[in-house]
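Inspection log for the structure reproduced underneath, given as structure tokens.
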Amino acid sequence: MSDRMQHAGRPVISATGLFTPEDSISNAELVASFNDYVRRENARNAAGIEAGEVEALTESSVEFIEKASGIKARHVMTKAPVLDPEIMAPRWDERGNDELSVLAEIGVKAARQALERAGRDAADVDAVLCAASNMERPYPAMAIEIQQALGIDGFGFDMNVACSSATFGIQTAADYIRAGNARSVLVVSPEITSGHLNWRDRDSHFIFGDVATAVLVEDAALAPAEHWEILGTKLKTVFSNNIRNNFGFLNRASPEGVGAADKLFVQEGRKVFKEVVPMVAQMILDEADRLDIDPQGLRRLWLHQANAGMNRLIAHRVLGHEANDDESPTVLDTYGNTSSAGSIIAFHLHSGDLAPGDTGLICSFGAGYSAGTVFVRKAG
Ligand code: COA
């Protein structure tokens, strides 16, 4: 942090990083555990169900999950407790204040990979933004812990815009560079979504997975020869209760506090689908127009990974035809919905084959509602 930051810069993506937890849960394993829970719960409530006082729970199905979402598996930090029908939540020993917290640990792993790929020394990074839907605690900021673990002399802070956290982080980082307030910014998105998912809710128990991503946004003058120019960024929010989580420190003491269904992820999936698809498609087309980019000429779309059907529709509206896997790659099948990290995983895993001059779009959307676009062009 110093005299290096004086001149307005041109922001680019120098590199990305990805941390994937070893544990993975297939739909078959997930449904077996869920249905075991349903049978135990219905047995426990047999008298009430018989008397018509309690509604019997219904079993989940592998076929439904894959058809409705495109998800076949998801990675999680802790598989055994999630699949244990008596627990159905992630569990680990609470760490002491002098130990690296779990979120910081996986964020650091993704960040180190991004730094390594860019050939960047952590000492030359100016700021860390921890941009994610699920922070482990209110403070000190996760970003500052990540900053310290990496040995970065600068500043860091957390930002939460749910599924759009990473693209909002990229625009924030890009703005620091445009303004000359920083030349190298790490946007880290550790997403332990297994903690906010209600694994006992049939409508959504299959949705999420855990992961961490990192994006190194830098001034072009500093970046490695092979990088991605940021052609333009655009953010949008529109208030909606259709994806909501009421967890917070103001309600933890109430009888309906921690553990109650509304203190976890809740959504009206159909409404989300219907409202978000047109909003995002239009936003992409408007932004492409503003940047004078022909949307049909986009080489690849790295879309938010929530639902294969949503991505199919958005890609069709943007490209003007049914997109194939090469034009709109999915990571939903193996990662599930990883909240803000989804479009970054897709970009990380499916951008190496593009040629200099190729143009693409990183796009997120989700709770808020929130949506973000980052148009990029490969340089090098
Ligand atoms: N197994 C079997 N059937 C199930 C089921 C399960 N796990 N969950 C729901 N169903 C059934 C319902 O009972 C319902 O049956 P009915 O029509 O006979 O009443 C039917 O499937 C439709 O349920 P619905 O919840 O409307 O499913 P859907 O086809 O809309 O798919 C989502 C659900 C959540 C996958 C889908 O709406 C979605 O992905 N929406 C967008 C989500 C999103 O982007 N969220 C952002 C999160 S960050």
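In table form, for the structure just shown:
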item: Which listed residue is away from the ligand (no atom under 16 Å from the Cβ) and either outside any loop (DSSP other than H, G, I, E, B) or in contact with a Pro (Cβ under 9 Å, 6 or more places away or on another chain) (or both), from Leu222, Leu216, Leu250; result: Leu216
item: Criterion: surrounded by fewer than 19 Cβ atoms within 10 Å (Cβ to Cβ), among the aliphatic types (A, V, I, L, M) and touching a residue at least 60 places away in the same chain (Cβ under 8 Å) - qualifying residue of Leu291, Leu285; result: Leu291
item: Residue match in the range 125-134 (condition: at pLDDT 95 or above, under 20 Å from Pro21 (Cα atoms) and not in a strand (DSSP E or B)); result: yes
item: Selection count, the range 152-207, where residues are of a type in the set (Gly, Ala, Ser), open to solvent by 10 Å² or more (accessible area, probe 1.4 Å) and not in a loop (DSSP other than H, G, I, E, B); result: 4
item: In the range 342-380, the residues that are at positive phi and more than 19 Å from the chain's Cα centre (by Cα); result: Gly357, Gly380
item: Residues that are of a type in the set (A, V, I, L, M), within 16 Å of Arg202 (Cβ to Cβ), within 16 Å of the ligand (Cβ to nearest atom) and at pLDDT 95 or above, drawn from the range 40-75; result: Ala56, Leu57, Val62, Ile65, Ile71
item: Sole exception among (1) more than 23 Å from Ile192 (Cβ to Cβ); (2) open to solvent by 40 Å² or more (accessible area, probe 1.4 Å) for Ser14, by number; result: (2)
item: Test set (1) more than 23 Å from Glu191 (Cβ to Cβ); (2) within 15 Å of the ligand (Cβ to nearest atom); (3) not acidic (Asp, Glu) - Gln282 fails condition number; result: (2)
item: Lone qualifier among Val266, Val272, Val277 - being in contact with a helix residue (DSSP H, G or I) (Cβ under 6 Å, 6 or more places away or on another chain), modelled with pLDDT of 90 or more and within 14 Å of the ligand (Cβ to nearest atom); result: Val277
item: Selected residue (criterion: farthest from the ligand (Cβ to nearest atom)) from residues of the range 321-380 that are open to solvent by 20 Å² or more (accessible area, probe 1.4 Å) and part of a strand (DSSP E or B); result: Arg377
item: Conditions (1) buried (at least 24 other Cβ atoms within 10 Å of the Cβ); (2) part of a helix (DSSP H, G or I); number of the one not met by Glu145; result: (1)
item: Leading residue by the ranking (nearest to the ligand (Cβ to nearest atom)) among those in the range 141-167 that are free of Cβ contacts under 8 Å to residues at least 24 places away in the same chain and within 14 Å of Arg112 (Cα to Cα); result: Gln147
item: Close pairs (7 angstrom Cβ cut-off, 6 or more residues apart or separate chains): surrounded by fewer than 19 Cβ atoms within 10 Å (Cβ to Cβ) in the range 18-45, assigned to a helix (DSSP H, G or I) and among the basic types (Lys, Arg) anywhere; result: Asp23/Lys79
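The values are calculated or read from the model by the stated rules, or taken from the named source; none is laboratory data. Given the structure is predicted, the values throughout are model-derived calculations rather than measurements. Neighbour counts run over all protein chains shown; Cβ positions are idealised from the backbone, glycine included. Protein only, heavy atoms only, side chains kept; ligands, DNA and RNA dropped before computing areas. Shrake-Rupley method; radii C 1.70, N 1.55, O 1.52, S 1.80 Å.
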